[in-house]
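Novice: Starting off with a structure, shown below.
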Amino acid sequence: LEKHEVFVSPQVLSELKRNMVVKFDWEAGEVDSFIRDFLTVANLVSPPFERKFPVRDPDDIDILAAAVKSNSDVLVTGDKDLLEVVDPPIPIMTPRALYDLLFANE
């Protein structure tokens with residue numbers, strides 16, 4: 001966070017909350033508190049978004065569109081549909097691939 005800006009869309013925050021409650025058994029209030037803290041260091045990218053991207057899962061269109069709207073250098077995701085986008089408008093990579101890229105010389 002010292003060297004990079006983080007951008008997040010409302011849709012990603014909604015998915016995060018759902019997954020933290022359903023998959024990791026967090027209480028909704030705990031997730032809300034985490035998200036509030038997270039938004040002190042992340043930039044919220046709000047709609048409207050262009051919706052012209054060829055993504056297999058229509059729910060992922062806004063995620064890619066938010067990354068483009070924010071002028072992000074890279075979209076970091078574990079979502080297989082996003083990772084398989086052909087000719088994306090910005091690079092899309094897994095968290096591990098970004099970590100390897102950022103710390104390759106250390």
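Novice: Heavy-atom accessible area per residue, the chain, 1.4 Å probe: how many Å²?
Specialist: Using a 1.4 Å probe on heavy atoms only, each residue of the chain averages 71 Å².
Novice: Mind giving me the nanometre distance, one decimal, between the label points for VAL22 and ASN43, set 7 Å out from Cα along Cα→Cβ?
Specialist: The two pseudo-label positions are separated by 3.1 nm.
Novice: With unit charges on the beta carbon (Lys/Arg positive, Asp/Glu negative), name the residue among PHE7, PHE49, VAL31 whose Cα is farthest towards the positive pole of the charge dipole of the chain.
Specialist: Selected residue: PHE49.
Novice: Given springs between every Cα pair under 10 Å in a Gaussian network model of the chain, which of PHE24, PHE34, PHE49 has the largest fluctuation?
Specialist: PHE24
Novice: Now for a different question. Any idea what the relative contact order of the chain is, in percent, if you count C-alpha pairs under 8 Å spaced at least 6 apart? Numbers along the way, then the final one.
Specialist: Working: 103 pairs, mean separation 24.0, N = 106.
Value for the chain: 23 percent.
Novice: Using modelled backbone amide H atoms (1.01 Å from N, in-plane), which distant-in-sequence or interchain residues come within less than 5 Å of PHE7's amide H?
Specialist: Hits under the 5 Å cutoff: ASN43.
Novice: Right, here's the next one. Along the charge dipole of the chain, pointing to its positive end and built from +1/-1 on Cβ of Lys, Arg, Asp and Glu, which listed residue (ALA104, ILE61, SER72) has its Cα farthest out?
Specialist: ILE61
Novice: Placing +1 at every Lys and Arg Cβ and -1 at every Asp and Glu Cβ, with all other atoms neutral, what dipole size does region 1-87 have around its Cα centre, in debye to the nearest 20?
Specialist: Approximately 160 debye in magnitude.
Novice: With a 1.4 Å probe and every protein chain kept in, tell me what percent of the accessible surface of the chain is carbon plus sulfur. Don't skip to the answer; put the middle values down first.
Specialist: Working: 4040 of 7520 Å².
Here it works out to 54 percent.
Novice: Quick one: if you take sqrt(5λ) for each eigenvalue of the C-alpha gyration tensor of region 27-106, what semi-axes come out, biggest first, whole angstrom?
Specialist: Ellipsoid semi-axes (Å, largest first): 22, 20, 13.
Novice: Starting from the Cα coordinates of region 1-68, work out the convex hull volume and express it per residue in Å³.
Specialist: 105
The values are calculated or read from the model by the stated rules, or taken from the named source; none is laboratory data. Predicted model only: the values in this text are computed from it and were never measured. Methodologically, a virtual Cβ is constructed for each residue, glycine included, from the backbone with ideal geometry; neighbour enumeration extends over all protein chains shown. Keep in mind that these areas ignore ligands, DNA and RNA; they rest on the heavy atoms of the full protein, side chains included. Shrake-Rupley method; radii C 1.70, N 1.55, O 1.52, S 1.80 Å.
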